[in-house]
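Here is the structure we will look at, set down as structure tokens.
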Number of protein chains: 2
Amino acid sequence: MSTSDSVSPLQAEVNRLRLELQTLRASDGSEPIEVGNYLLARLAQLKVTQMFGVPGDFNLGFLDLVEDHPTVDWVGNCNELNAAYAADGYARVKEHGIGVVLTTFGVGELSAINGIAGAFSEMVPVLHIVGVPSTAQQKSKALLHHTLGDGRYDAYVKAAENVTISQGIITDKEGAAATIDRVLTDCMTRARPVYLTLPTNLVFEKISSERLRIPLSRTQPPNDPDVAAFVVEEVVRLVQSAKEDVVILVDVCAVRHDAQAEVNELVVKTGFPVYAAPMGKTAVSENYERYGGIYVGSISDPVVKNKVENARLILSIGCVKSDFNTGNFTYSIPAARTVEFHSDNTKVLHAMYPAIGMKQLLPQLTARLAPTPSKISVPPFRAIVPQEDNEIITHAWLWPRVSQFFRPKDVIVAETGTSNFGLIDVPLPEQSIFVSQLLWGSIGWAVGSTLGAAFAARERGMGRTILFIGDGSLQLTVQEFSSMLRHGLKPIIFVLNNGGYEIERCIRGRERKYNDIMNWEWTRLLGALGDADGTRSKSCTVRTKGEMSALLDSPAFAEAGKMQLVEVVMQMHDAPRALKIQSEMGEKANVYGY
Amino acid sequence: MSTSDSVSPLQAEVNRLRLELQTLRASDGSEPIEVGNYLLARLAQLKVTQMFGVPGDFNLGFLDLVEDHPTVDWVGNCNELNAAYAADGYARVKEHGIGVVLTTFGVGELSAINGIAGAFSEMVPVLHIVGVPSTAQQKSKALLHHTLGDGRYDAYVKAAENVTISQGIITDKEGAAATIDRVLTDCMTRARPVYLTLPTNLVFEKISSERLRIPLSRTQPPNDPDVAAFVVEEVVRLVQSAKEDVVILVDVCAVRHDAQAEVNELVVKTGFPVYAAPMGKTAVSENYERYGGIYVGSISDPVVKNKVENARLILSIGCVKSDFNTGNFTYSIPAARTVEFHSDNTKVLHAMYPAIGMKQLLPQLTARLAPTPSKISVPPFRAIVPQEDNEIITHAWLWPRVSQFFRPKDVIVAETGTSNFGLIDVPLPEQSIFVSQLLWGSIGWAVGSTLGAAFAARERGMGRTILFIGDGSLQLTVQEFSSMLRHGLKPIIFVLNNGGYEIERCIRGRERKYNDIMNWEWTRLLGALGDADGTRSKSCTVRTKGEMSALLDSPAFAEAGKMQLVEVVMQMHDAPRALKIQSEMGEKANVYGY
């Protein structure tokens, strides 16, 4: 661990202690600031540039401040669920960032709650700000609109407690700054959504700005140095006794808990073969010479499965063992051969080490491990476009074909369903980001998420933002295309039109009507949603392999100079390889008892 | 009270006791039935014909049974929030009916929760069925998709507890029938939403069908006869000492708790002047000769305000004293002159009588009161189309003008915002139903609600279903128009295009950008959402009074032979009278402290 690495957690601890002292001292700063602007100042310090949400009468005062703020911009969404999804997508793509969504009391916040729950499940740091009635109205339990009619002003907070890691209920100006700081710190350090209420009467109340001089930190508390040193030696010993027959398996928590750089240093220095779980896709470059592809239990490519499961030691970093992420719980890597690195604990074979987090541990381990000669060969992760003697756009053909279209730095968003399972099987380019929601799996999420991702990508100087989504999923959240047009974003959107909920058909009801949907005129949609004269977007339909290839090869299309929507006509009942296997296994588990 | 009236609560009590005995006996019926089909059989008994919702992998098994059911039809919605709104609209228009929405575990149910909370707030009986993982998966806390990733399988139930009156968590087949019956009974008798989980492995489990022979009842438990008789005499005495200077004020609970017929009998027999609160609009015919219009505190027409507030006695039936329903709490009818009739209690001046419900009390009171000579004159409730010397479609002109377009039996749905406040001020025809959401006030609700209302209206042989909604609100839930096209419904939809959230502009941010929205091409929308060849719908734009009048006078338009969308171009910053006053008062209450 370098000096600067060990200083950083200590500095964060110093700042936390200083803030705690500030809270106790409650000193008056020299330049008072409105509570609303204090919150915005903190968001600006965290480099938040976009706030998602919908106006409502209890957040309009705060919105005045947002609209007047020099660096935090307001993105008015079409509805609150889409706004929450957008904040989630923004946080995923923005490096070291959080997403922010603003809603109004009751109606707005409850509409957003599924998006917030998704951020919880998938460990995405999102701040949910709710504009609530004045503290006087809350105390008197006034029978206001947006209430349940029975005076239970705590009902929505109680609902939020189930899907957020921390709640900040501002009740007076004295405690406002500390409450804001607490939930923001929880949001960042625990990589989960938090909930903050802002009563109308406190938005413009002036408070001390003193605390703003001390930055908030996302850095974890320091590991106990003795325990950490012990753990490092344990792992080094295991690596040696494995005679370098070691593989690294990278998963999503490495990304969410800011350990991506540390993981990559370990990977490159050791030269161990490295694989990713589906949720960890693109955490390590898929073009890296020692990267072997995706490990997903029994669904894995047999070569990958063999390599991972037969290694003498597996260094598993940030793993989430959910059904879709493990090939329906078919991981075959016993604890006796595995070291698990997590954000706030480490497990060496069967031994647990609480409060030993990977972010600080991995650099110490990397420093102790020497580069190793490559004992295990790593067949590269490739996708070959199959030769098929027809013009139907099949899943088997589509995903390898579009993988040729991707460029370095593209942001690729996959909706839950055929898109997600299809893209898992093909490699993505250098510095690209793969955005998916495999654990929460809320259909429709990818539309809002693409909006947020496109904002963050534009800001970070990433490449194109490309969405793959099925026709069924798209109907849930389609209006947010309008926000993309409105804000001049230029995503490329592939709508896989296969006549309904294909992922459901794979699971059950293959020929059932309940999996049908209304067929929309996809190419007429953007015109209706605001691109009246067709200058902001372009839409087309492709029905054959030839048409699809011609489009992908077209420089004008690839340049992404405006928003583009491509309806890809596919066959009902066709599905990607991984989804077919997954759903067969899932069906057995989901016993319907008949 | 007639013999049949007093028998009905007793019969209901007998049935409840029989079911309780059944639960204890757990007898085996002669024809076993699947748990899923037991639920459907109960819904069929309650005359539920439509089930709203979205398929998801944990509800597909049950959907097989729904699709195969002879009388309960599946309405696949575009998303879950819209589905919940639709179930709410269906329940509001269907006489003595409940609405049903089916979602999947986690992602689906949380997306619907704002719609469920709205049903709670507005006292609408909605059953929310959630398909959940198998009992084995729940017990083992499997890390399935749609979970929060930490094994908290109770998180969603805990969220639902805040917005439903009763929860049924089915955990084994033995208790399934009793649980289903309990939540359905709570739903009906308490006129609030309830929550029911259906695990995948129990859907097809066979149970006794014995209980199905005993119908469920919506009838309230009987009032205590001695207390009820005492209360009746008290009220009769007050009426007499008021020397017949008595007015009746009808509100929404009279409708929700099935006392509309009883109220109308009282109204007609006594001849007392009768008024309605906004939420109770159309509970009493607005063409009845002794009906004087809407009482809404200080926002009321001065004549109405004077008549109501100066009466010696006010019989207030089913009132909800929320901000928007009372002119921002400006009711001026002191308790010392008021008798309040509620679903489960009665208040005579200052005296509370718990467990004395209006449904059974009102007929007893009506029987004791003689017809009275009309001492108080009642100026009729009229709307006069103003003469304006311009062609702009103003709110002042629009609402009286459209009131001439309405016909008896029309179902008129008003979105929260300018539509709701505009329609309050004009009388609606005989047997029409006014559907609005004044207490909960969730923008976008009216679209889903119109879908449900149109189904119920078609079934009941009502007239046209007519929706008024602003452009801002419509963007939240627009995709549900597609479901209307899909199911051959033919609502008339007026889209008030005034460039954003006008109700918000009235409250705050009159010129703020956060109240702007993207301008859509409204007349191109239905074409994109599935009416490819234009045979199922017709869309047009009206910009002038002349165009609007010509349209309203056109027999082809009025006939409503297909779905019709009318974009009504209006001016930003114009608003109905009642909204202007309401928002001025609300602004003062919503102190922003600066």
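The values are calculated or read from the model by the stated rules, or taken from the named source; none is laboratory data. Note that the structure is predicted; figures quoted are calculated from it, not measured. Positions of Cβ are backbone-derived with ideal geometry, glycine not excepted, and every protein chain shown enters the neighbour counts. Side chains are part of the model used for accessible areas, which takes the heavy atoms of the whole protein and leaves out ligands, DNA and RNA. Shrake-Rupley method; radii C 1.70, N 1.55, O 1.52, S 1.80 Å.
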What are the extents of the Cα atoms of segment A:167-254 along their three principal axes, in Å, largest first? 66, 25, 17
At R0 = 30 Å, FRET efficiency that the Cβ-Cβ distance of A:PHE329 and A:ASN519 yields, to 0.05: 0.25
Over segment B:280-381, equivalent-ellipsoid semi-axes from the Cα gyration tensor in Å: 22, 18, 13
Other chains' Cβ within 10 Å of A:77-88 residues: what's the mean? 3
What is the projected area of the convex hull of the Cα atoms of the protein assembly as shown, averaged over all directions, in nm²? 46.6 nm²
Given the Cα-Cα distance of A:ILE214 and A:GLU31 and 0.36 nm per residue of separation, how much length would full extension add, in nm? 64.4 nm
Inter-copy distances for A:GLN431, nm, shortest first, label points 7 Å along Cα→Cβ, are 7.2
Out of segment B:316-405, which trypsin sites (Lys or Arg not before Pro) are coil in DSSP terms and have no more than 16 other C-beta atoms within 10 Å? B:LYS321, B:LYS375, B:ARG382
So, with points 7 Å from each Cα along the Cβ direction, the A:ARG407-B:ARG237 label distance in nm works out to 8.8 nm
Segment A:170-285: relative contact order in percent, alpha carbon pairs under 8 Å with at least 6 residues between: 22 percent
Can you list the equivalent-ellipsoid semi-axes of segment B:388-459, largest first and in whole Å, using the square root of 5 times each Cα gyration tensor eigenvalue? 22, 16, 10
So the label point sits 7 Å from Cα along the Cα-to-Cβ vector; using that for B:THR171, what distances do you get to the other copies, in nanometres, sorted shortest first? 3.4
Every other copy gets compared here: list the nm distances from the B:ALA396 label point (7 Å along Cα to Cβ) to its counterparts, shortest first, one decimal. 7.2
Listed peptides A:233-246, A:56-69, A:123-136 by packing density, highest first (mean Cβ within 10 Å): A:123-136, A:56-69, A:233-246
Please sort by residue number the trypsin sites (Lys or Arg not before Pro) in segment B:90-145 whose DSSP state is loop and whose Cβ has at most 13 other Cβ atoms within 10 Å. B:LYS141
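Leaving out ligands, DNA and RNA, and with a 1.4 Å probe, what % of the accessible surface on segment A:261-363 is carbon or sulfur?
The nonpolar share, carbon plus sulfur, comes to 54 percent.
Considering Cα pairs under 8 angstrom that are at least six residues apart, work out the relative contact order of chain A and quote it in whole percent.
Numbers: 1264 pairs, mean separation 78.1, N = 594.
Computed over chain A, the figure is 13 percent.
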Taking the Cβ-Cβ separation of A:PHE230 and A:ARG510 as r and a Förster radius of 60 Å, what is the calculated FRET efficiency to the nearest 0.05? 0.65
Taking the Kirkwood radius as the inverse of the mean 1/r across Cα pairs, report the Rg/Rh of segment B:371-530. 1.01
I'd like to know which of B:LEU496, B:THR450, B:GLY561 lies farthest towards the positive end of the charge dipole of segment B:440-594, counting +1 on Cβ of Lys and Arg and -1 on Cβ of Asp and Glu. B:THR450
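Based only on Cα atoms, what Rg/Rh ratio does chain A have, Rh being taken as Kirkwood's radius?
Using only Cα positions, Rg/Rh for chain A is 0.98.
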At what distance in nm do the modelled label points of B:ARG543 and A:HIS350 sit from each other, each positioned 7 Å from its Cα along Cα→Cβ? 8.1 nm
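What value in Å³ per residue do you get for the convex hull of the alpha-carbon atoms in segment B:130-171?
Values: hull volume 3.0 nm³, N = 42.
Expressed per residue, the convex hull around the Cα atoms of segment B:130-171 is 72 Å³.
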Computed curve, segment A:353-432, Cα-only Debye sum without solvent term, log₁₀ I(q)/I(0) at 0.15, 0.18 Å⁻¹, is -0.79, -0.90
